[in-house]
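Input: a single structure, listed below in structure tokens.
Bear in mind these aren't lab numbers, they're just calculated from the coordinates by the rules spelled out. In this text, all values refer to a predicted model and were calculated from it rather than measured experimentally. Neighbour counts run over all protein chains shown; Cβ positions are idealised from the backbone, glycine included.
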């Protein structure tokens, strides 16, 4: 074979090899991107599930993404989250708890109010509203909070927490079943997160 033809043949061979390699890299990139998208989609679904709370199989609460799920401090608490105001190591947090409970609505509200002393009386209020099929009660309390270690029924030591606040919500379904949501913590943290917390409950049927 003449040198010129041999060179052209060799050049064609290497171009074919390079094209095949390029196609392999392209395919690998597409597969990798597809896998990454799939993983990201699964992560998003897992995060959505992590931030959703089912209420009696009749409704779903979507918890704000910036409320961090934590291990419940008491066995009677079904779900617990942390709400915060600000950033940094020393940031203050409030407890957000959720659980099914019983008892008379008025009696429970009075019990919550009795856990606080002093505070701004004008800011203490109770609202009642209808959200779809749910009867919703929203209770705002503030002052010095008598926190019982281990929970309200644990009989543990009582710690006085100054300048605290609480937003308590009772969701009652048509069958009379009740689901409690509470946010308790430093007043400024509760105030900063109140809109998101109440909005979470109001969105139960959406």
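Rounded to the nearest 0.05, what FRET efficiency is calculated for residue 75 and residue 121 with R0 set to 25 Å and r the Cβ-Cβ distance? Don't jump to the answer; show the numbers that get you there.
Numbers: r = 35 Å, r/R0 = 1.38.
That gives a FRET efficiency of 0.15.
Ordered by the number of other Cβ atoms lying within 10 Å of each residue's own Cβ, fewest first, 145, 137 fall into the sequence 137, 145.
With 0.36 nm allotted per residue and the present C-alpha distance subtracted, the residue 87-residue 148 stretch has 19.2 nm of extension available.
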